[in-house]
Amino acid sequence: MAHQYSFSQDASPLDLLLGEQRISRRSILRKLAGLTLAGGSITSFVTSCGSPTTPSPASPTSTGSPTNPLPASPTSTSPPLRGVLYTYRGHSAAVLRVAWSPDGKRIASASADRTVQVWDTANGGHVYTYRGHSDHVNAVAWSPDGKRVASASADKTVQVWDAANGGHVYTYRGHSDHVNAVAWSPDGKRLVSGSDDGTVQVWDAANGGHIYIYRGHSDAVLGVAWSPDGKRIVSGGGNLDNGRGDTTAQVWDAANGGHIYIYRGHSEPVWIVAWSPDGTRLASGSADKTVQVWRVP
């Protein structure tokens, strides 16, 4: 989500992008944060490939005296090797998010090239490309059963598509600005999305029907996550123009959108939030260069 949460303080690249490409500071910050939080455009996956254990040749045994045998030479092993398994180069612009399928056999990647691409984790082979968005794709998430994928985009939509063949299922159009985050409920029946329009919205994962809108944030919503039991949702926010503004993480009831708690520990936008597996704690990552862990009331 998060990898891992730090921002460069060198302003020159930002100035260069602003001057040459004439894109907004907001767009640059969003892309930089996306790269920071999701590993950016680096699509190489690194794993530990343990080398075979190579014992040192045994030293000749010397018994010394019968009552004082010499100790055996210690066995030495080579350290494990680390290397790139493969690199997938299917995108033409920055990769902003990646997500593993629940069974670990595929990876979906969301990109500023407006596509979501799925590829085989065994060999990096391309499976298919989904081209339904008209602007950069900020987030991607697999359904718990691995049968569908949801993607959130700067085109103000969340789209759901068939993970088996990339076919379009439906488009959710409830937001009025860039959608930055999307997450499935643990039972796969609902989806939650967060947007620059300041809202967190929950909708039916079967057909895209709207359920409710949570309006607790005063600025953009940058990250969302369901609690493990599906009863609560946490959202993180902040002002992308001045780096301050909201800067809160908020917890609310997933059944009705009722507000439960506001966490105000960060001094800059909260880009990502995550529940502990037991649901008793939350972690939040911010542009203030901190990851903070706090107990849920």
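The values are calculated or read from the model by the stated rules, or taken from the named source; none is laboratory data. Being a predicted model, the structure only gives us computed values, none of them experimental. In this analysis, Cβ positions are derived from the backbone assuming ideal geometry, glycine residues included, and neighbour counts consider all displayed protein chains.
Tabulated values for the structure
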| item | result |
| --- | --- |
| Looking only at the stretch 113-145, and only at residues there that are outside any loop (DSSP other than H, G, I, E, B) and over 18 Å from the mean Cα position of the chain (by Cα), the one that is surrounded by the most Cβ atoms within 10 Å (Cβ to Cβ) | Y130 |
| The stretch 268-297 residues that are at positive phi, paired with ones that are surrounded by 15 or more Cβ atoms within 10 Å (Cβ to Cβ) (beta carbon under 9 Å, 6 or more apart) | G279/S227; G279/R232; G279/V296; K289/Y5; K289/F7; K289/E268 |
| Residue check, G104 at pLDDT below 95, assigned to a loop (DSSP other than H, G, I, E, B) and within 21 Å of the chain's Cα centre (by Cα) | no |
| Tally, over the stretch 97-149, of residues that are of a type in the set (F, W, Y) and in contact with an Asp or Glu (Cβ under 8 Å, 6 or more places away or on another chain) | 0 |
| Enumeration of residues in the stretch 92-112 that are surrounded by 20 or more Cβ atoms within 10 Å (Cβ to Cβ) and more than 19 Å from P144 (Cβ to Cβ) | V95, L96, S109, S111, A112 |
| Positions within the stretch 155-171 being surrounded by fewer than 22 Cβ atoms within 10 Å (Cβ to Cβ), not in a strand (DSSP E or B) and not polar (S, T, N, Q), in sequence order | D155, K156, A164, G166, G167 |
| Per-region count, the stretch 260-269, residues out of contact with any Ser or Thr (no Cβ under 8 Å at 6 or more places or on another chain) and part of a loop (DSSP other than H, G, I, E, B) | 0 |
| Residue check, V158 β-branched (V, I, T) and more than 18 Å from the chain's Cα centre (by Cα) | no |
| Failed condition for S151, given (1) of a type in the set (G, A, S); (2) in contact with a Leu (Cβ under 8 Å, 6 or more places away or on another chain); (3) outside any loop (DSSP other than H, G, I, E, B) | (2) |
| Residue count, the stretch 270-287 (criterion: modelled with pLDDT of 95 or more and part of a loop (DSSP other than H, G, I, E, B)) | 5 |
| Residue within the stretch 190-206 that is among the polar types (S, T, N, Q), within 28 Å of S92 (Cβ to Cβ) and in contact with a helix residue (DSSP H, G or I) (Cβ under 7 Å, 6 or more places away or on another chain) present | no |
| Residue match in the stretch 246-259 (condition: under 17 Å from the mean Cα position of the chain (by Cα), surrounded by 20 or more Cβ atoms within 10 Å (Cβ to Cβ) and in a strand (DSSP E or B)) | yes |
| Cβ pairs under 6 Å, 6+ apart, first in the stretch 201-212 and of a type in the set (S, T, Y), second at pLDDT below 95 | Y212/G257 |
